[in-house]
Amino acid sequence: MLPRPKEFRDWAMNFRVEHHASSIKNVISSHRVAAFGNVNLTQYLKSRQQMIDRALDRFLPKENAAPPTIHKAMRYSLFAGGKRLRPILCLAAAEGCKGRVREALPLACAMECIHTYSLVHDDLPSMDNDDFRRGRATCHKVFGDGIAVLAGDALLTVAFQIAARAKPTRRYSMSEMFREISIAAGSRRLIAGQVADLEAEGKKVSRAELRYIHENKTAAMITTSVRLGAMSANTDPGKLRAITKFGYALGLAFQVIDDILDVTQTSEKLGKSAGKDIAAQKATYPAVIGLEASRAEARRLTNAAQNALKIFGKEAEPLRELANYLLAREY
């Protein structure tokens, strides 16, 4: 079951801040966790992105399937060159719990479909009103508002069809996995964060209110991605709690860094419109606590994520390196 909001806050308060120095090391990646020693992260990300893209291509209706307009719009958005962060984290969590990538792959792809749906809807004129996403025109600019709404709807629903390809484990049933997904994408997590984000525009918000937006709009989906990967590996309750803490801290850190990049990078570098948050008077960490304090908060949260992985062995090295990579990213 997904953690309650109070548990999210309790974890954030109890995380110890500890410096974790790590570098990207050379090695090989494999479909089995035990093959990991150190991680060549560039190779790892590329191989996982390719694996996820191939699976998504298999799982989605073909572009010419009737009606072709909707399937073209779905594929246009899904294959627009995203980082595939959530599905990669799902697979890495499965590996970290000594599971098999192929068992987590449908769940990973389902989370990417839900994430992409949320972006398609976020970009609409009635929401964030963005014309630029992942380096090209947004879905509604190419296909129109109506088709973009329907493409988002279709990506959300096909996610559950894809997730149904996964298999239950001894500890976790398919109904539990579906519940995880539906709660994360529902009115108390992802959509709650979107509502709070919209309602905060142009208003002065507290740090607690800002955290509520980010822990629901961003951290909940990342947390659920790693939880699903761990569940696909039939992990024990202790490790599931640890992976949940990791996902929560990493998800918040990811959004803090996103907020920072919006004011420090160009649109060309980001692949989306830079400066949109300021223009729309969005609630962001730099706006609420300042740029340098935001950088410190991102480091603190990344350290908290690393600390949550201490009970794991070398199998979780990809998760550790991913956390470091996300802290240092520039887009």
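Sort through Leu309, Leu301 and tell me the only one that's buried (at least 16 other Cβ atoms within 10 Å of the Cβ), farther than 25 Å from Asp236 by Cβ and at pLDDT 95 or above.
Leu301
For segment 289-309, which residues satisfy the criterion of being without any contact (Cβ under 8 Å) to a residue 24 or more places away in the chain and outside any helix (DSSP H, G or I)? Please lay out each step first, then the result.
Narrowing segment 289-309 to residues without any contact (Cβ under 8 Å) to a residue 24 or more places away in the chain: 290, 292-293, 296.
If the condition is that a residue be without any contact (Cβ under 8 Å) to a residue 24 or more places away in the chain and outside any helix (DSSP H, G or I), then Gly290 is the only one that fits.
Can Gln255 be described as within 13 Å of the chain's Cα centre (by Cα) and either surrounded by fewer than 18 Cβ atoms within 10 Å (Cβ to Cβ) or at negative phi (or both)? So that I can check it myself, show each step before the final result.
On the way: within 13 Å of the chain's Cα centre (by Cα): yes; either surrounded by fewer than 18 Cβ atoms within 10 Å (Cβ to Cβ) or at negative phi (or both): yes.
Against the criterion (within 13 Å of the chain's Cα centre (by Cα) and either surrounded by fewer than 18 Cβ atoms within 10 Å (Cβ to Cβ) or at negative phi (or both)), Gln255 qualifies.
Pairs please, first residue from segment 119-141 and part of a loop (DSSP other than H, G, I, E, B), second anywhere and among the aromatic types (Phe, Trp, Tyr), Cβ atoms under 9 Å, 6+ apart in sequence or on different chains.
If the second residue must be among the aromatic types (Phe, Trp, Tyr), the pairs left are Asp123/Phe132; Thr138/Phe132.
Is segment 74-84 home to any residue that is of a type in the set (Ser, Thr, Tyr), more than 25 Å from Met231 (Cβ to Cβ) and crowded, with 23+ Cβ neighbours inside 10 Å?
Checked against the condition, which is being of a type in the set (Ser, Thr, Tyr), more than 25 Å from Met231 (Cβ to Cβ) and crowded, with 23+ Cβ neighbours inside 10 Å, segment 74-84 yields at least one hit.
Among the residues of segment 189-212, what is the count of those that are farther than 19 Å from Thr116 by Cβ and either buried (at least 24 other Cβ atoms within 10 Å of the Cβ) or more than 17 Å from the chain's Cα centre (by Cα) (or both)?
Looking only at that region, the number is 15.
For Val39, state whether it is surrounded by 24 or more Cβ atoms within 10 Å (Cβ to Cβ) and at pLDDT below 95. If you could, list the steps in order and put the result at the bottom.
Working: surrounded by 24 or more Cβ atoms within 10 Å (Cβ to Cβ): yes; at pLDDT below 95: yes.
Here the answer is yes, as Val39 does meet what is asked.
If we keep just the residues of segment 170-229 that are acidic (Asp, Glu) and either in contact with a His (Cβ under 8 Å, 6 or more places away or on another chain) or over 17 Å from Ala159 (Cα atoms) (or both), which is modelled with the lowest pLDDT?
First pass over segment 170-229, keeping only residues acidic (Asp, Glu): 176, 180, 197, 199, 201, 209, 215.
Now drop any that are not either in contact with a His (Cβ under 8 Å, 6 or more places away or on another chain) or over 17 Å from Ala159 (Cα atoms) (or both), which leaves 197, 199, 201, 209, 215.
Values: Asp197: 93, Glu199: 94, Glu201: 89, Glu209: 95, Glu215: 96.
Once the filter is applied, the top-ranked residue is Glu201.
The values are calculated or read from the model by the stated rules, or taken from the named source; none is laboratory data. Bear in mind that the values here come from a model prediction, so they are computed numbers and not experimental data. Cβ: placed from backbone, ideal geometry, glycine included. Neighbour counts: every protein chain shown.
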